[in-house]
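Just so it is clear, none of the values below were taken in a lab; they were calculated from the coordinates. All figures in this text were calculated on a predicted structure; none of them were measured in a lab. No Cβ is skipped: glycine too gets one built from the backbone with ideal geometry, and neighbour counts run over all protein chains shown.
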Amino acid sequence: MKLSKGWIVAIVIVIILLLLVSWGTGIYNKLVTKEETVNQQWANVENVYQRRADLIPNLVATVKGVANFEKSTLTAVIEARAKATSVSINPKNLDEASLQRFQQAQDGLSSSLARLMVVVERYPELKATQNFAELQAQLEGTENRITVERMKFNEVAQAYNAYLRQFPAVIFAGIYGFQKKAYFLAEKGAEKAPPVKFD
């Protein structure tokens, strides 16, 4: 049986279309995989921030046990925790503005915790308690975990963003609505070392 030119052309066109669909599917699937990796790492970031938030009520309860501890400091910590836990981000919407809102709330909590630790220095009886020492160690460990998870998040977001901008993925990203993910950035002024003065 001999095929006519029309059939041969039709078969070639079908094969080319199947190859294009297969190629496009591969790119789409890679975009999905990379986006899911970013979403999973974002969940890890939220998890360590939640761990810190969960430690704070125990820390506040321990500090309240000191008779004349500054109530305004404790109130500031409690309010900052409430604000930090109220800000959540949908991983599909990890843009600059939402990540900045999240980070501002977390920075407020970090700042109030730092003030609390400075005030605690005036209470040697509090610093000497086992419960406070354990909570302080857990908080320090959690802060380290936050740093590590943020760094990992930036790495997977960078890999996703780089792939998203490469040709031909950029075409499919635009068609299917894949968006660039934001990064955690250092606080303004963090690039300058604080002055060291010896009196």
Neighbour counts of other C-beta atoms within 10 Å: give me Lys181, Lys5, Lys64, Lys83 arranged from fewest to most.
Lys5, Lys64, Lys83, Lys181
Take peptides 132-139, 119-126, 149-156 and line them up by average Cβ neighbours within 10 Å, highest first, as a rough protection proxy.
149-156, 132-139, 119-126
Kindly put Tyr49, Tyr28 in sequence by how many other C-beta atoms sit within 10 Å of each C-beta, fewest to most.
Tyr28, Tyr49
Quick one: compute the contact order of segment 1-149, relative version, from alpha carbon pairs under 8 angstrom and 6+ residues apart, as a percent.
32 percent
Here are several values of Kirkwood radius over Cα pairs in Å: (i) 20.7; (ii) 16.6; (iii) 17.2. Which one was derived from the coordinates shown?
(i)
Test item: Cα-centred dipole of segment 5-176, Lys/Arg +1 and Asp/Glu -1 on Cβ, debye:
340 debye
Filtered hits (lysines, Cα-Cα < 26 Å from Lys181, offset >= 8 within chain) -> Lys30, Lys34, Lys83, Lys92, Lys152
